[in-house]
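The values are calculated or read from the model by the stated rules, or taken from the named source; none is laboratory data. Since the model is a prediction, treat every value here as computed from it, not as a measurement. With ideal geometry, Cβ positions are generated from the backbone for all residues, glycine too; neighbour counts draw on all protein chains shown.
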Amino acid sequence: MEEEKQYKVLLIGDSDVGKTSIVKRFSDDTFDEEVLTTIGVEFKMKEVKVDGKKVDLCIWDTAGQEKFRALISSYYRGAHGIILTYDVTKRDTFENLNYWLNEVENFANRSNLVKLLVGNKIDKENREISREEGAEFAKKKAMLFIECSAKTKIGIQQAFEELAQKIIESPQNTQSSSSSSQQRQKTVKIEEEEPQYQGCSC
């Protein structure tokens, strides 16, 4: 029987950049124009296939508000992948990326952590950050890069699949996947409704 592997992915970035919408589009293929602000951390799990291998992504959607940041810092530990998100129509969310990268540096504990920079809301016309500027920033910080729209679905599936691909390419992750999943519960299929943050201790 093919072994299933679970990897922890953390979405970070300023409030209102669309992190929750990205997760919902990827996990449930839904989009709401009005999304309630995330309180603390919310959890989703989805199975993807990369090179024929089943990969369960434990996706942690974090609040961007300052009052929750002390709480969220503990969730960086054990993360295999980080999705750092900004809104292409809001310059300040791009300028704050260095703050979030410092948080990763301070609290993440994996030397082989994979980081993906995502510019969201490309469906909107009032763009303030060009694709070239986002790509250049990602290159300087040694991150993967993609632009997407949670509203139109553009780039969403690709973003998670590329991140998963890079994660499973790491020999350290391949070797540690069995031991890191010993205390996790059985995988919940994506057709079932997920609780906010139960079912995965990664």
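A few notes on this one:
- Only a single criterion out of (1) under 22 Å from residue 91 (Cβ atoms); (2) modelled with pLDDT under 95; (3) in a helix (DSSP H, G or I); (4) more than 18 Å from the chain's Cα centre (by Cα) is not satisfied by residue 103, namely (4).
- Of the residues making up segment 129-170, those that are among the polar types (S, T, N, Q) and surrounded by fewer than 19 Cβ atoms within 10 Å (Cβ to Cβ) are 130, 152, 157, 158, 165, 170.
- Residue in segment 58-79 that is over 24 Å from residue 166 (Cβ atoms), modelled with pLDDT of 95 or more and outside any strand (DSSP E or B) present: no
- Checklist (1) surrounded by 15 or more Cβ atoms within 10 Å (Cβ to Cβ); (2) over 14 Å from residue 164 (Cα atoms); (3) at pLDDT below 90 applied to residue 25, failing item: (3)
- Search result, residues across segment 82-101 that are β-branched (Val, Ile, Thr) and in contact with a strand residue (DSSP E or B) (Cβ under 6 Å, 6 or more places away or on another chain): 82, 83, 85, 88, 93
- Some residue of segment 164-171 being aliphatic (A, V, I, L, M), within 16 Å of the chain's Cα centre (by Cα) and not in a helix (DSSP H, G or I): no
- Being touching a Leu at 6+ places or on another chain (Cβ under 7 Å) and at pLDDT 95 or above is a condition met by no residue of segment 119-127.
- Any hit, segment 88-99, residues being touching a helix residue (DSSP H, G or I) at 6+ places or on another chain (Cβ under 7 Å), under 18 Å from residue 21 (Cβ atoms) and not acidic (Asp, Glu): no
- The set of residues in segment 93-111 that are touching a Lys or Arg at 6+ places or on another chain (Cβ under 8 Å), touching a residue at least 40 places away in the same chain (Cβ under 8 Å) and within 11 Å of residue 76 (Cβ to Cβ) comprises 103, 104.
- Close Cβ contacts (under 9 Å, 6 or more residues apart or on different chains) running from residues in segment 145-157 that are in contact (Cβ under 8 Å) with a residue 24 or more places away in the chain and closer than 10 Å to residue 31 by Cα to residues that are among the small types (Gly, Ala, Ser) and crowded, with 21+ Cβ neighbours inside 10 Å comprise 150/18; 150/21; 151/18; 151/21.
- Filter result (out of contact with any Asp or Glu (no Cβ under 7 Å at 6 or more places or on another chain), among the basic types (Lys, Arg) and touching a residue at least 40 places away in the same chain (Cβ under 8 Å)) within segment 112-144: 141
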